[in-house]
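A.B. asks: A single structure is presented below for examination.
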């Protein structure tokens with residue numbers, strides 16, 4: 001009598017077979033997802049299979065243009081997306097050796113972000129899926145950042161995630177692909193935006209070491225040679241017992257410090273101060289301390305409410321600001337103290353890219369969540385919170401932090 005394998009054994013054999021095939025190349029039956037990203041100033045596209053293998057990608061970065069204009073101008077970003085999106089998507093498909101007919105779905109960022117930028121990606125994608133009759137997966141930009149680490153590491157739900165970028169700052173518990181509990185969020189300026197504005201006020205584009213760097217990159221570079229104690233800055237929101245973020249007050253404090261130093265050195269705005277390294281170091285340290293303290297409270301809240309696994313709980317840090325090594329070290333002090341495993345995607349996956357959008361599409365495709373037919377109209381949203389907001393519950397818990405010294409050598 002023929003014995004049929006159990007469902008579990010069958011799935012195990014199927015997984016073994018897939019791994020053998022992937023060792024020699026792309027699995028022929030693996031579903032393929034094209035991801036498209038235009039939420040801000042990067043036009044990105046990538047093709048992934050459902051194992052997370054990147055088959056091809058392309059990215060057009062607008063940084064050089066925006067450095068010259070002193071910041072991102074939405075209409076300029078929109079025009080650059082329009083000029084490059086067709087080429088970027090074509091390159092990603094050609095590099096992956098994939099024809100549109102072979103795709104299982106197209107995933108595209110539709111929220112949150114710059115409205116004009118989001119509109120370009122969504123309009124292109126809807127034309128594309130209708131022309132090739134492919135399912136469409138709308139993607140939440142912050143959800144994609146949160147899940148990217150699962151493409152690289154076997155991170156199981158639930159885990160704590162800190163997302164920090166030029167437009168966002170939030171703490172959330174990721175309980176599933178589309179299931180998030182929001183513990184804290186930015187109340188005003190995002191950390192990346194604050195760093196960029198400080199760099200602009202310091203005229204770092206005129207600094208010989210910083211002319212080709214973004215504001216955040218310039219601050220990190222100069223801070224390595226600075227004395228962070230020379231200009232004491234107050235850590236934001238020290239008296240509020242929640243997990244929300246605020247950087248506008250810090251930004252104003254740094255501005256006043258710069259103006260005072262310009263007067264003492266007898267130079268005008270637009271010239272580079274001799275103490276620029278020290279101001280950069282103080283700013284970076286204060287941003288890192290604020291992020292670390294709010295994350296510490298989130299960890300304690302999760303522990304008190306059994307929101308993370310007792311064995312090997314994880315903090316995932318992603319977004320453009322997560323590339324800052326000083327900030328990572330500050331967070332590592334907290335995670336080591338509280339027994340959490342700290343995971344950060346490589347820098348190239350922290351910033352906006354098509355890979356993270358495609359991977360989010362893969363995760364949703366696997367679970368059959370948020371997949372739309374090609375003829376359904378979808379709308380972009382410039383603002384869109386992630387998950388269920390629990391920030392009031394965190395504030396009500398009024399968790400006081402133990403004294404932890406964030407001391408990091410340059």
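A.B. asks: Name the residue, out of 368, 339, that is free of Cβ contacts under 8 Å to residues at least 40 places away in the same chain, in the same structural domain as residue 92 (by TED's automatic domain parsing) and out of contact with any helix residue (DSSP H, G or I) (no Cβ under 7 Å at 6 or more places or on another chain).
C.D. replies: On inspection, the qualifying residue turns out to be 368.
A.B. asks: Sticking with this structure for a sec: Anything in the range 30-49 that is part of a loop (DSSP other than H, G, I, E, B), touching a strand residue (DSSP E or B) at 6+ places or on another chain (Cβ under 6 Å) and buried (at least 24 other Cβ atoms within 10 Å of the Cβ)? List them, or say none.
C.D. replies: 39
A.B. asks: Looking at 171, 182, 160, which one is under 16 Å from the mean Cα position of the chain (by Cα) and either free of Cβ contacts under 8 Å to residues at least 24 places away in the same chain or more than 21 Å from residue 325 (Cβ to Cβ) (or both)?
C.D. replies: So the residue among 171, 182, 160 that is under 16 Å from the mean Cα position of the chain (by Cα) and either free of Cβ contacts under 8 Å to residues at least 24 places away in the same chain or more than 21 Å from residue 325 (Cβ to Cβ) (or both) is 182.
A.B. asks: Just the residues that are in a loop (DSSP other than H, G, I, E, B) and surrounded by fewer than 18 Cβ atoms within 10 Å (Cβ to Cβ), please, taken from the range 236-261.
C.D. replies: Those that are in a loop (DSSP other than H, G, I, E, B) and surrounded by fewer than 18 Cβ atoms within 10 Å (Cβ to Cβ): 238, 239, 240, 241.
A.B. asks: Here is a further query. Filtering the range 187-234 down to residues that are surrounded by fewer than 16 Cβ atoms within 10 Å (Cβ to Cβ) and under 23 Å from the mean Cα position of the chain (by Cα), which residue is nearest to residue 41 (Cα to Cα)?
C.D. replies: 212
The values are calculated or read from the model by the stated rules, or taken from the named source; none is laboratory data. Keep in mind that this is a model prediction, so the values were computed, not measured. No Cβ is skipped: glycine too gets one built from the backbone with ideal geometry, and neighbour counts run over all protein chains shown.
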